[in-house]
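Okay, so here's the structure we're looking at.
The values are calculated or read from the model by the stated rules, or taken from the named source; none is laboratory data. This is a predicted model, so every value here is computed, not measured. Here the Cβ positions follow ideal geometry from the backbone for every residue, glycine too, while neighbour counts run over all protein chains shown. Ligands, DNA and RNA are excluded from the accessible area calculation, which covers all protein heavy atoms including side chains. Shrake-Rupley method; radii C 1.70, N 1.55, O 1.52, S 1.80 Å.
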Amino acid sequence: MAAERRRRAGGDLSGLLLRIREEGKGSIPEHPYLYETDVEISLVGGSCKNPVEKFWNGSSAMYILQKATHSEESDSMEESRTDDAVYAPEVLPKENPGALALSVGRAKQLISLYTMVQNPNVPSLGMRGLAVLPPLWARCDGSDPQHTCWLGAEPLKAGNKVTGINIYTVSCDGPTADKTHFPNLEELKMEHKIRHHSSLVTTKGFVRYELIAAAAIEDTIAESGSNIFVDITWNGVEKILETPPVISAATLNIALESGDPRSPVFQLYRELQLLLALAEGLKTGVTEWPEPSESESAPQLVQEFLTDLKKKLDGDYIFEDKNETQKIQCDTAAVDSCIKSIFGERGDLDFTEQLWCKMKSVSSYQELIDCFTLVIKSLERGEIQPWIHQGSSSFLSQLIQQSYHGKMEDVSLSDTTPIQMLLEVGLEKMKKDYVSFFIGQELATGTYLDYFISTSVELQEQVHRVQKLHHMLEIMVSCTGLLQFRHENLFPLTQICMKYYKENPLNEKHVFQLPIRPALVKKFYQNDNPEVWRVEISSGHGQKEVKTTWQVSTTAPVEHVASNNSGFLCDSTVNGSSEERLYFITMTQCSQVQFT
């Protein structure tokens, strides 16, 4: 009787898993599916967040099983359903992630059923003739003595045939700062040998160091996604928490959000924000004007600028303040000493670019009209004969070219016209700023930059591409100022960034990866504690390979299990020291079930 119930439960599960897989071929289903009355099943893959990526790097598509979050509704839903399963409400208890976890016993039942239905030797349930199902992972509540937080099952394949199943058990303890709880590496290796009856094992190490953290600004904490860290891997681990040897493979990982006030190119970022506000105003009709950054209003600054130009034309201009002249020419960015050598101040700003530097403090639509009214009247009267870059195509540049011949078309400064005029001027100026940097530092050629500065696309897309240029600039400046990178490192990083941004939209959360030599950044981590340290012990080859992984990390690898469930000390002080870091300990063990 029990065997019959088990077969029936297995049949229900296999039918549902097949249905989820088929419905997920086009796109990942948005809702989880309900199995029996207590389990939700989701298909995860593609761009979906992978909840087990911290300890498993297998198939991209997988089933995630967790406790149903609507137990009160399940009975009525069960009565009304006509299929094997119904969509379960997409309600995730963010306040209490632990509510998602199944009991370890229930998870083992589900893993057992999944293993049974994948077995081709069970005729009535086996997957003979059908495609192999994706791996399956079940969240666990850690209530057993081993504190199991995940159970997983992954089919072993020979072509389209399932030959066995890898069963994974993930346990998590901590946090703790007491390293006496850490096992000896030889103990871990011996445990693996006994479990898998192997005489020979190999070890592989992994460590992650955070090089630059998004830190506090004075008394406030900056909530930022910016981070720079290095991942290092090596073979032949000799002891727990060992520092990687010099001969290791290292990858620099950079995720940087623009707009840090401490950045030496923050003023350029503020210019970009005005550009974005103008573009949004052009699109929606509503412009969010920035707060004034100058003591004088934009019309006052423009009037002074025009007066100086008129004096130049009249021949009675007195160079009273060289610093002020320099400020007009190069009000591009506030640079500090460590960046000044690489992000030079452009000395070739033409009239429209200098005008942008004065008008970037504009704080209202009326001020915008007032500024352009002053400029157009000066041009019409012939009071100024400004110089502009060859090839400048903005509407204001066209008016200036017309003024050379003493005849200008009438301009109606109404509706979105003045907004578009300033947007065009700002776009041209900022494009030249970024081109000047990347070409000047020999990080890119003009041809390679053509995509980012093209005028053949609409204005909104041009602004979007300038945003990409700024993000890349921030990355280069950070790597230069903080990590002391030189051209041989900046050049390949630039190519990686540009290749990504030619194919993808702006994404400041994207992690750019650059292979490097560990020695390049060793001084930043040699005396530091790692964010993650992991050893992988393996034996066997091919499909017979099995692994045991032991890891410590400063962040919890599992969100659905409460921390400190092991009884370890969670105090930040150990033996009177407050310098010790708290670590979570994660163990992933693998066992195999062979069908053939």
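Some observations on this one:
- Relative contact order of the range 460-548, defined on C-alpha pairs under 8 angstrom at six or more residues apart (%): 20
- Solvent-accessible heavy-atom area per residue, rounded to whole Å², over the range 166-208 at 1.4 Å: 51
- Straight-line reach from residue 161: taking Cα to Cα under 22 Å and skipping same-chain neighbours fewer than 8 places apart, the lysines in range are 25, 544.
- In sequence order, the range 464-480 has phi-based couplings of 4, 6, 5, 4, 4, 4, 5, 4, 5, 4, 4, 5, 5, 5, 5, 5, 6 Hz under the Karplus curve 6.51 cos²θ - 1.76 cosθ + 1.60, θ = phi - 60°, and Gly or Pro positions carry x.
- Taking 0.36 nm per residue of separation and subtracting the Cα-Cα distance, full extension of the segment from residue 247 to residue 122 would add 40.0 nm.
- Potential extension, residue 503-residue 380 segment - 0.36 nm per residue separation minus Cα distance: 39.8 nm
- The lysines whose alpha-carbon is closer than 29 Å to the alpha-carbon of residue 523, local same-chain residues fewer than 8 away aside, are 54, 179, 204, 239, 340, 509.
- Solvent exposure ordering (accessible area, 1.4 Å, most first) of 179, 429: 179, 429
- Interchain or long-range residues, amide H under 5 Å from residue 101's placed H: 67
- R0 of 35 Å, Cβ-Cβ distance residue 4-residue 143: FRET efficiency to nearest 0.05: 0.75
- Pair residue 191, residue 373: separation of 7 Å Cα→Cβ label points (nm): 7.9
- Whole-percent carbon and sulfur share, accessible surface of the range 153-290, 1.4 Å: 50
- Across the alpha-carbon set of the range 435-542, the Rg to Rh ratio works out to 1.10, Rh being the Kirkwood radius.
- Efficiency of FRET between residue 447 and residue 257 - r from beta-carbon atoms, R0 35 angstrom, step 0.05: 0.75
- On full extension, the segment bounded by residue 280 and residue 393 gains 38.6 nm, given 0.36 nm per residue less the C-alpha separation.
- Taken per residue, the accessible surface of the range 414-551 reaches 43 Å², heavy atoms only and a 1.4 Å probe.
- Taking 29 Å as the limit for the C-alpha separation, the pairs 283/360; 49/468; 283/468; 312/360; 312/432; 360/499 exceed it in the case of 360/499.
- Largest accessible area first, the listed residues 531, 291, 409, 458 line up as 291, 458, 409, 531 when surface is computed with a 1.4 Å probe on the assembled protein chains.
- Heavy-atom accessible area per residue - the range 242-311, 1.4 Å, Å²: 48
- Within the accessible area of the range 413-531 (1.4 Å probe), percent carbon and sulfur: 49
- From most to least packed by mean Cβ count within 10 Å, the peptides 381-391, 268-278 give 268-278, 381-391.
- Solvent exposure, largest accessible area first (probe 1.4 Å, DNA, RNA and ligands not counted), of 176, 169: 169, 176
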